[in-house]
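The values are calculated or read from the model by the stated rules, or taken from the named source; none is laboratory data. Because the structure is predicted, anything quoted here is derived from the model rather than measured. Note: ideal-geometry Cβ built from the backbone for every residue, glycine included; neighbour counts use all protein chains shown.
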Amino acid sequence: MLIVMMCLAGSVVALILRSARAVPAGPAARDDVPERLLRWAAGLLSAQRAEWGQAMLGELDHIDGRGPRWRFAAGCAGAALLLPPWGRAAGAVWAMAATAAGAAGVYAAVAVRYRLDAGGWILAAIALVFLVSFTLAAATLLRRPGIALPGCWAACSSP
Amino acid sequence: MQRNRPPSAQAISVLRALAADPARWRYGYDLVTEVHLKSGSLYPMLVRLADRGLLETSWEPGQGSRPPRHLYRLTLAGREYVAALPAARARRAVPHPRNRWNEA
């Protein structure tokens, strides 16, 4: 079980690292976690709003201090996810997040209804980690339709 | 279809901050600190104001190896809009220190 948890956590970290490379970093990019987060979120913006993502990233580069950088990046990342018109990727991320939240809700309802023991709660925690990983992985793949769509097509069409 | 809802108190605060020196280009983070807004509130607001033609944007070329920076100032329409704001709305737009966390 520990190995599974570590694999999932590693996958999540790898996905974040990989997705952070999707929007090219500026020449003086600090490449810290707030910037990676914001680059990931800016990549979800629709083409119409892409300039605003670059504006946020350019501004972040001029902010010093871990706390202010985190606050600025987190706020901008939230705004990028909510800013209309949604790009297809942002819409899909929200749809998947809603699906994952729904699945977690169903699991919680079942757990309460049937009073799961400790093992059941551990499984619930694993399921939650899996759902979060699923959402992150799908969010990353959705930004690369050239990679994701043929894979999805092959998975759906395979017997 | 674009909706032209009346601006919020926060938006009016941003407009008034920009109107204080309308010829000057402002950085986003300057507005964040001056108006005491979170970045997650400010940027959607700037987008809406730009969409409505009240705000113009520009890019400051990156110095050295730094990335370019976005700049903002009011358009003529934006200045006229601020000038036409009723005094009561303008007063309400200034956030009370106790309520700043709620508004940000």
What pairs come out if I take residues in region B:49-69 that are facing chain A (nearest Cβ under 8 Å) and pair them with residues that are part of a loop (DSSP other than H, G, I, E, B) and of a type in the set (A, V, I, L, M, F, W, C) whose C-beta lies under 6 Å away, six or more apart or interchain?
B:Ser65/A:Ala28; B:Arg66/A:Ala28
Give the residue that is modelled with the lowest pLDDT, with candidates limited to residues of region A:118-158 that are outside any helix (DSSP H, G or I) and surrounded by 10 or more Cβ atoms within 10 Å (Cβ to Cβ).
A:Arg144
Subset of region A:61-72, residues more than 8 Å from chain B (Cβ to nearest Cβ) and within 21 Å of the chain's Cα centre (by Cα), comes to A:Arg69, A:Trp70
Specify which of the listed residues (A:Ala79, A:Ala41, A:Ala29) is within 11 Å of chain B (Cβ to nearest Cβ), closer than 30 Å to B:Gly64 by Cβ and at pLDDT below 75.
A:Ala29
Note: among B:Gly40, B:Gly53, just one is buried (at least 19 other Cβ atoms within 10 Å of the Cβ) and small (Gly, Ala, Ser), namely B:Gly40
Take the residues in region A:44-60 that are of a type in the set (S, T, N, Q) and either free of Cβ contacts under 8 Å to residues at least 12 places away in the same chain or assigned to a helix (DSSP H, G or I) (or both), then tell me which one is farthest from the other protein chains (Cβ to nearest Cβ).
A:Gln48
Kindly indicate the residue of region A:82-95 that is outside any helix (DSSP H, G or I) and in contact with a Phe, Trp or Tyr (Cβ under 8 Å, 6 or more places away or on another chain) and also nearest to the other protein chains (Cβ to nearest Cβ) among those meeting that condition.
A:Leu83
